[in-house]
Amino acid sequence: MTRRHHPLGRRVALAVMVAVGSLAGLASPAMAHEGEESVPAITDVQEAIAILAEHPGSFPVAEVAEHAMDKVGDALESNDTRGVLLDLVQQAKDALDGGRNDDALTLLERSIGACPGAPVIEPENAPRTPPPLSSPCPSVAHLQALDRTPVGGAEEPVLLAVSAVLILAGLALARKSR
Amino acid sequence: MSERAGEETLTEPAGSTIRRRFWDALDERLGLKGLQYPIPEHANKLAYSLGGLTLIAFVLMVTTGIYLTQYYNPDPTVAHESVRRIITSVSFGKFVRGFHYWGAMAMIVLIGLHLLRVFVSGSFKRPREANWIFGVILAGITATLFFTGTVLKWDQESLEALEHNIEIGKLLGRFGFWFSPSFGGISFLTRLYVVHIAVLPFLFTLVIAVHLLLVKRHGMAPSPFRRGPEPEPTRPFTKHLAELGALALMLIGILTILAVLAPPPHGPAPIEGIEITKPPWPMLWVYPIEDWVGVAGILWATLAIFLALFLVPFVDRTPERSPRKRLPMMIAAGVVVATIITLIIYAAVQPVASHIGMG
């Protein structure tokens, strides 16, 4: 895996997210600590999936893994493990430990009954319980999320120049018509 | 006087004469000078151009949408892949999609601000009540266009949005039959695509035509902020159109910059059975309500907002337009807007929660 350089803005954004999360936790200490075990494991797993799936590349891989690991740890310690295959969650934890975020994501999705790789035709028939392990999902075919990266290439400076001309022309016309 | 006018015509440059003849010929056939009817001066302010800008944003959406339809495939098995192809392989695909996305955001913001301006300035009052109703309908169509557009990109967020839509359809009982995936014999995604690219734009065009005709019929509402007994100066409507054109150029420029530097993300291919995303910010205000009262909260909160909007001209019936003299209405609107903004911020910092199929 190649090491990526991440702009300061993303680190700041992550720091803000953590700070807001911490403040939310401070605001309700009962929820922050005493109640962690009472949060259903399926909720923790879904939050871990959200962290891993929605914005890969937005934050350093290690930080994403650490954030997801917290949730996976909470899931494993939860008192309410209905609807979750804990064995797969444990495997996901090992994958996160090994820096294999993609594998961890797939394992977490499967641990709560999702079937990564299967095409979605009509959502009404979505499975809501974990599938038996004897019926594995198709090989992982789902794509990772694409983040906000600029258009790039030769079209980027051209389009930016065009936009500058349009804005200036608009300003000039607005001034002229007053 | 007529001699001087004749002299001026004689000394006019040849290019100018040709241009005038051209416009005269065009006017004779199209009646363009009919657009030079007078409108009050305040109508040329930015606050009074928000409705026109919304319409321009709609035209931009149709234009970029036509481009995207050449490459988008509404078959649910390949829809996500086709969006990825638009982003990664189609010439200007990433830019056009970004422009469409930011244009949709702009349209939502512009129509919201337009509605707010009409409310604050009391422009909905007699005899313009019907036009307020048509404006609210246009806002509803715009929101539905935004929702269906969110579903079409067919990533995880889209699937979850559609699942919520299906749940709400169930709440509607027999009236929600259209939202059932089993209705019609083709996939729900494909039917939503037809709604997004044909039904809603058609309805929008129809209602905006009536809306504009009524604006012409009743004229621009007087400004509540104008003092003094003297009548307000007027300007030809064509000047307003020219200023709108200038604002349109700026809007296109800003949307281009956003589309180039901050194209929208595209989530992972949808996976059934999980709920891991939040809706985009214009729909985020219902997220905490859903947390508190379940999926039904989306339906009731949306209905409540639109019902309140429809009732505005029937509740605020005094002829007074000044916001200072309509304080109860202003406070009520302020509370609603502040609540929506607070709910959006609250939802943004809350962790993701599951709402469907969790008992």
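Tell me, which residue of the range B:71-99 that is among the polar types (S, T, N, Q) and under 23 Å from A:Pro119 (Cβ atoms) is nearest to the other protein chains (Cβ to nearest Cβ)?
B:Thr77
Give me the pairs: first residue in the range B:23-48 and closer than 16 Å to B:Val118 by Cα, second residue of a type in the set (Asp, Glu) and not in a helix (DSSP H, G or I), beta-carbon distance under 8 Å, and six or more apart or on different chains, which are they?
B:Pro40/B:Glu232; B:His42/B:Glu232
So, in the range B:211-220, how many residues would count as being in a helix (DSSP H, G or I) and surrounded by 15 or more Cβ atoms within 10 Å (Cβ to Cβ)?
Residues in the range B:211-220 being in a helix (DSSP H, G or I) and surrounded by 15 or more Cβ atoms within 10 Å (Cβ to Cβ): 4 in total.
Residues checked against (1) at pLDDT 90 or above; (2) of a type in the set (Asp, Glu); (3) not in a helix (DSSP H, G or I):
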{"residue": "B:Glu8", "(1), (2), (3)": "no, yes, no"}
{"residue": "B:Gly15", "(1), (2), (3)": "no, no, no"}
{"residue": "B:Leu26", "(1), (2), (3)": "yes, no, no"}
{"residue": "B:Ala47", "(1), (2), (3)": "yes, no, no"}
{"residue": "B:Gly52", "(1), (2), (3)": "yes, no, no"}
{"residue": "B:Leu55", "(1), (2), (3)": "yes, no, no"}
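Evaluate the range B:192-203: report whether one residue or more is part of a loop (DSSP other than H, G, I, E, B) and either under 30 Å from B:Arg126 (Cα atoms) or modelled with pLDDT of 95 or more (or both).
no
Being within 28 Å of B:Thr77 (Cα to Cα), more than 14 Å from chain A (Cβ to nearest Cβ) and touching a Phe, Trp or Tyr at 6+ places or on another chain (Cβ under 7 Å), is that true of even one residue in the range B:125-144?
Going through the range B:125-144, the residues within 28 Å of B:Thr77 (Cα to Cα) turn out to be B:141-144.
Applying the additional criterion that residues be more than 14 Å from chain A (Cβ to nearest Cβ) yields B:141-144.
Adding the requirement that they be touching a Phe, Trp or Tyr at 6+ places or on another chain (Cβ under 7 Å) leaves B:141.
Yes.
Just need a number here: residues in the range B:182-207 that are crowded, with 21+ Cβ neighbours inside 10 Å, aliphatic (A, V, I, L, M) and within 14 Å of chain A (Cβ to nearest Cβ).
Qualifying residue count for the region: 2.
With the structure loaded, tell me whether B:Lys216 is basic (Lys, Arg) and within 28 Å of B:Val293 (Cβ to Cβ) or whether it fails that test.
Answer is no for this residue.
Scan (1) within 9 Å of another protein chain (Cβ to nearest Cβ); (2) in contact with a Ser or Thr (Cβ under 8 Å, 6 or more places away or on another chain); (3) at pLDDT below 95 for the single condition B:Leu162 breaks and write down its number.
(2)
Within the range B:221-233, is even one residue within 23 Å of B:Thr69 (Cα to Cα), in a loop (DSSP other than H, G, I, E, B) and not small (Gly, Ala, Ser)?
No, the range B:221-233 has no match at all.
Table: residues versus (1) surrounded by fewer than 16 Cβ atoms within 10 Å (Cβ to Cβ); (2) modelled with pLDDT of 90 or more; (3) closer than 24 Å to B:Ala161 by Cβ; (4) within 11 Å of another protein chain (Cβ to nearest Cβ).
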site	(1), (2), (3), (4)
B:Gly273	no, no, yes, yes
B:Pro279	no, yes, yes, no
B:Ile289	no, yes, yes, no
B:Leu303	yes, yes, yes, no
B:Phe310	yes, yes, no, no
B:Arg321	no, yes, no, no
B:Met329	no, yes, no, no
B:Gly334	yes, yes, no, no
B:Pro351	yes, no, yes, yes
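Scan (1) more than 14 Å from every other protein chain (Cβ to nearest Cβ); (2) closer than 23 Å to B:Gln156 by Cα; (3) at pLDDT below 95 for the single condition B:Pro231 breaks and write down its number.
(2)
Just checking, does the range B:52-60 include any residue being touching a Leu at 6+ places or on another chain (Cβ under 6 Å), within 14 Å of chain A (Cβ to nearest Cβ) and farther than 21 Å from B:Gly267 by Cα?
yes
Tell me yes or no: at least one residue of the range B:124-140 is over 30 Å from B:Gly51 (Cα atoms), assigned to a loop (DSSP other than H, G, I, E, B) and not charged (D, E, K, R).
no
Evaluate the range B:320-341: report whether one residue or more is assigned to a loop (DSSP other than H, G, I, E, B) and either in contact with a strand residue (DSSP E or B) (Cβ under 8 Å, 6 or more places away or on another chain) or of a type in the set (Lys, Arg) (or both).
Scanning the range B:320-341, I find at least one residue that is assigned to a loop (DSSP other than H, G, I, E, B) and either in contact with a strand residue (DSSP E or B) (Cβ under 8 Å, 6 or more places away or on another chain) or of a type in the set (Lys, Arg) (or both), so the answer is yes.
If you scan the range B:18-46, which residues turn out to be touching a His at 6+ places or on another chain (Cβ under 9 Å) and among the small types (Gly, Ala, Ser)?
Within the range B:18-46, the first condition is being touching a His at 6+ places or on another chain (Cβ under 9 Å), and the residues that meet it are B:39, B:43-44.
B:Ala43 - this is the single residue of the range B:18-46 that is touching a His at 6+ places or on another chain (Cβ under 9 Å) and among the small types (Gly, Ala, Ser).
Any residue that is buried (at least 20 other Cβ atoms within 10 Å of the Cβ), under 24 Å from the mean Cα position of the chain (by Cα) and more than 9 Å from chain A (Cβ to nearest Cβ) - is there at least one of those in the range B:252-266?
No.
I'd like the full set of residues that are assigned to a helix (DSSP H, G or I) and touching a helix residue (DSSP H, G or I) at 6+ places or on another chain (Cβ under 6 Å), limited to the range B:252-267.
B:Ile252, B:Gly253, B:Leu255, B:Thr256, B:Ile257, B:Leu258, B:Ala259, B:Val260
Go through the range B:69-85 and give me each residue that's surrounded by fewer than 22 Cβ atoms within 10 Å (Cβ to Cβ) and in a helix (DSSP H, G or I).
B:Thr69, B:Glu81, B:Ser82, B:Arg84, B:Arg85, listed by residue number.
Would you please list the contacts, defined by Cβ atoms under 7 Å and residues six or more apart or on different chains, that run from a residue in the range B:206-217 that is more than 9 Å from B:Asn131 (Cα to Cα) to a residue that is at pLDDT 95 or above and surrounded by 14 or more Cβ atoms within 10 Å (Cβ to Cβ)?
Close Cβ pairs (under 7 Å, with a partner that is at pLDDT 95 or above and surrounded by 14 or more Cβ atoms within 10 Å (Cβ to Cβ)) amount to B:Val207/B:Phe134; B:Val207/B:Ile137; B:Val207/B:Leu138; B:Val207/B:Ile141; B:Ile208/B:Leu55; B:Ile208/B:Leu138.
The values are calculated or read from the model by the stated rules, or taken from the named source; none is laboratory data. What you are looking at is a predicted structure, and each value in this text was computed from that prediction instead of being measured. No Cβ is skipped: glycine too gets one built from the backbone with ideal geometry, and neighbour counts run over all protein chains shown.
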